[in-house]
1. Could you please find all residues in the stretch 1-45 being assigned to a helix (DSSP H, G or I), farther than 28 Å from residue 78 by Cβ and modelled with pLDDT under 70?
2. Only one of (1) surrounded by fewer than 13 Cβ atoms within 10 Å (Cβ to Cβ); (2) more than 19 Å from residue 8 (Cα to Cα) is not met by residue 68, so which one is it?
3. Find the residue count for the stretch 36-56, including only residues that are more than 12 Å from the chain's Cα centre (by Cα) and loosely packed, with under 13 Cβ neighbours inside 10 Å.
4. Examine the stretch 77-94 for a residue that is surrounded by fewer than 13 Cβ atoms within 10 Å (Cβ to Cβ), in a helix (DSSP H, G or I) and modelled with pLDDT under 80, and state whether such a residue exists.
């Protein structure tokens, strides 16, 4: 999940910078509220990305405070931070 979100954010950032560059050079002239719409959509997606990331970090921090290692491991695996082999080896160690 984390890798997918990161890839989407990178693709959207490249698209946004490309659109901004084309707009500033005058090659692509958007009329009306098109620029505001594109920038607004991009801003909402990036805000959503960082908002979810912050929520996930808070969840992991709360699990760390509780000291529940298995739940932390399951959460990290569910978020895509660990591969299946890493998950299984860490689970055996616990």
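1. Once the filter is applied, which keeps residues that are assigned to a helix (DSSP H, G or I), farther than 28 Å from residue 78 by Cβ and modelled with pLDDT under 70, the stretch 1-45 yields 34, 35.
2. Status for residue 68: all satisfied but (1).
3. Taking the stretch 36-56 as the starting set, the residues that turn out to be more than 12 Å from the chain's Cα centre (by Cα) are 36-44.
Applying the additional criterion that residues be loosely packed, with under 13 Cβ neighbours inside 10 Å yields 36-37, 40-41, 43-44.
Of the residues in the stretch 36-56, 6 are more than 12 Å from the chain's Cα centre (by Cα) and loosely packed, with under 13 Cβ neighbours inside 10 Å.
4. The answer is no, given that none of the residues of the stretch 77-94 is surrounded by fewer than 13 Cβ atoms within 10 Å (Cβ to Cβ), in a helix (DSSP H, G or I) and modelled with pLDDT under 80.
The values are calculated or read from the model by the stated rules, or taken from the named source; none is laboratory data. In this text, all values refer to a predicted model and were calculated from it rather than measured experimentally. Positions of Cβ are backbone-derived with ideal geometry, glycine not excepted, and every protein chain shown enters the neighbour counts.
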